[in-house]
1. Sorted by packing (mean other beta-carbon atoms within 10 Å per residue), highest first, where do 50-59, 83-92 land?
2. Give me Rg over Rh for the range 12-92, both radii from the alpha carbons and Rh done the Kirkwood way, two decimal places.
3. Sorting Tyr20, Tyr26 on the 10 Å Cβ count, fewest up front, what's the list?
4. If you take every residue apart from Arg40 with its C-beta less than 14 Å away from the C-beta of Arg40, what net charge results, scoring Lys and Arg +1 and Asp and Glu -1?
5. Tabulate in residue order the Karplus-calculated ³J(HN,Hα) for the range 45-60, using 6.51 cos²θ - 1.76 cosθ + 1.60 with θ = phi - 60°, rounded to whole Hz; enter x for Gly and Pro.
6. Once amide H atoms are built 1.01 Å from N in the peptide plane, which residues 5 or more positions from Ser49, or in another chain, come under 5 Å H to H?
7. Apply the Karplus curve 6.51 cos²θ - 1.76 cosθ + 1.60, θ = phi - 60°, to the phi angles in the range 34-44 and return the couplings in whole Hz, x for Gly and Pro.
8. Step through the residues of the range 80-87 one at a time and calculate ³J(HN,Hα) from phi using the Karplus curve (6.51 cos²θ - 1.76 cosθ + 1.60, θ = phi - 60°), rounding each to whole Hz and writing x for Gly and Pro.
Amino acid sequence: MLDGRVLRSRSIDGLDQEVYALLTAYQALIRAGDDALTGRPEVPMERISFTVLLTTATDTVTAGHGIFPGTLIDLVGSIGHATPGNLLPAHRRQRAKARTRKNPTSKYGPNAGQHPQKSQNYTVHAAIAFFEHGLSNRSRR
């Protein structure tokens, strides 16, 4: 969503506000995409492209189309019209090749050729700890 940009705030309160704004925009886009497929219950939510949602919302805001409704109020909106036509495939193809380094002139030359050539499976074990009194608030500067 940030398109390679970094957060601009220089204070903790400002960072909190920017992160919450990004999470709110993300949630609004996901809900709009879900509402667009309300009439099609056979289509799972995983087929909605977030890129299409974000691009359509960005184009609507920057171009100003459909912000002020005319006499007819369109509850579907531009996101609702763009989403069903640009669904992701029902079954995604599996990774056919192991990930490789893209920079052949890496400064890590001695390790060249020592990377695995096949995909590897890993098992992750996680432990969840519950604190009786919770965590203390972080210090505000």
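1. Numbers: 50-59: 16.0, 83-92: 12.3.
Packing proxy ranking, top to bottom: 50-59, 83-92.
2. Details: Rg = 14.5 Å, Rh = 14.0 Å.
That ratio equals 1.03.
3. Working: Tyr20 10, Tyr26 14.
Placing the least packed residue first, the sequence is Tyr20, Tyr26.
4. On the way: positive: Arg47; negative: Asp34, Asp35, Glu42, Glu46.
Net local charge, Arg40 excluded: -3.
5. With coefficients 6.51, -1.76 and 1.60, one gets 4, 5, 8, 6, 8, 5, 4, 5, 4, 5, 5, 5, 5, 5, 5, 5 Hz.
6. Leu88
7. With the stated coefficients, the range 34-44 comes to 5, 5, 5, 9, 4, x, 10, x, 6, 8, x Hz.
8. Coupling constants for the range 80-87: x, 7, 7, 5, x, x, 10, 6 Hz.
Quick note: the coordinates plus some simple rules give every number you see, no bench work behind them. Values in this document were obtained by computation on a predicted structure and should not be read as measured data. Glycine gets a Cβ as well: all are built from the backbone with ideal geometry, and neighbour counts include every protein chain shown.
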